Amino acid sequence: MELWEKKVESSTIYDGAIIRVELDQAELPNGTLTRREVVRHPGGVAILPLDAQGRVITVRQFRYPFYTVVTELPAGKLDPGEDHRDAAVRELSEEVGATAGELIYLGSMYASPGFCDEELHMYLALDLTEGPCHPDPDEFLEVERVPFDGLVDRIMKNEVRDGKTIAAVLRAKEYLARR
């Protein structure tokens, strides 16, 4: 059996500032028709800024869908047509006030492929120069520094639950071990 689905028709049911939601009819490999709800997202970046003392600069912010404060890496969505490396430079500066002397691409991940086409690109930022933060007007953040191994421990204890942060930390850990 081939693993494929064919879009038969599609309609936009919501078009917002960040996402668009489409309701599709798709044909399955066995010929059956089904509905697919798809969230279209422009993609994003997550940056792991590692300072000279081996600490990761993280942000804490209230995340409305879970109604709780979440610890995560500096991150943001791509602007239309924006290169993900440029977005990483922008978000690093905005959220934690840092510029990286070395910005290493760690790959990408699909955030939630069952219903959303968001692809997140991850970077490791080294040789940091720090300055003032300048978050977007609707962003309220607390910046904190966490020893790298301490952040790994917090992930393994389920204290850090943000997917992009978990993926980037574990990829950076492996990258640094091989370097």
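Quick one: net charge of ARG63's neighbours, Cβ under 14 Å, K/R +1, D/E -1?
Result for the local shell: -2.
Explain nothing, just the number: dipole magnitude of the chain about its Cα centre with +1 on each Lys and Arg Cβ and -1 on each Asp and Glu Cβ, in debye rounded to the nearest 20.
With only Lys, Arg, Asp and Glu charged at Cβ, the dipole is about 580 debye.
When the accessible area of the chain is split by element with a 1.4 Å probe, what percent falls to carbon and sulfur?
Using a 1.4 Å probe with all protein chains present, the chain comes out at 51 percent carbon and sulfur.
Summing +1 for each Lys or Arg and -1 for each Asp or Glu, what net charge is found among the other residues whose Cβ lies under 13 Å from the Cβ of PRO147?
Neighbourhood net charge equals 0.
If I model a spin label at ALA52 and ASP149 as a point 7 Å from the Cα along the Cα→Cβ vector, what separation in nanometres do I get?
2.2
Find, among the chymotrypsin sites (Phe, Trp or Tyr not before Pro) in the range 15-94, those assigned to loop by DSSP (not H, G, I, E, B) with at most 12 other beta-carbon atoms within 10 angstrom.
TYR67
Within 14 Å, Cβ to Cβ, of ASP86, how many net charges do the neighbouring residues add up to if Lys/Arg are +1 and Asp/Glu are -1?
Charge balance in the 14 Å sphere: -2.
Hey, what's the range 71-179 come to in accessible area per residue, 1.4 Å probe, Å²?
Accessible area per residue: 55 Å².
How far apart, in nanometres, would the label points at GLU27 and GLU139 be if each is projected 7 angstrom from Cα along the Cα-to-Cβ direction?
Spacing of the two 7 Å Cα→Cβ label points: 4.5 nm.
The list (1) 0.95; (2) 0.99; (3) 1.04 gives values of Rg/Rh (Cα atoms, Kirkwood Rh), and only one came from this structure; which label was calculated from it?
It is the value labelled (3).
For the chain, what is the mean residue ellipticity at 222 nm derived from helices alone (per DSSP H run of n ≥ 4: -39500 (n - 2.57); sum divided by total residues; nearest 500 deg cm²/dmol)?
It lands at -6500 deg cm²/dmol.
Taking the simple approach of a point 7 Å from Cα along Cα-to-Cβ for both THR99 and ARG178, what is their distance in nm?
3.0
What number of lysine-lysine pairs in the chain show an alpha-carbon separation below 25 angstrom, given a sequence spacing of 8 or more or placement on distinct chains?
4
Sort 158-171, 6-19 by packing, meaning the average of other beta carbons within 10 Å per residue, with the highest value first.
158-171, 6-19
The values are calculated or read from the model by the stated rules, or taken from the named source; none is laboratory data. The shown structure was predicted, so the numbers you read here are calculated from the model rather than taken from an experiment. Cβ coordinates were reconstructed from backbone atoms using ideal geometry, including for glycine residues, and neighbour counts include every protein chain displayed. Quick note on the areas: whole protein, heavy atoms, side chains included, nothing else; ligands and nucleic acids left out. Shrake-Rupley method; radii C 1.70, N 1.55, O 1.52, S 1.80 Å.
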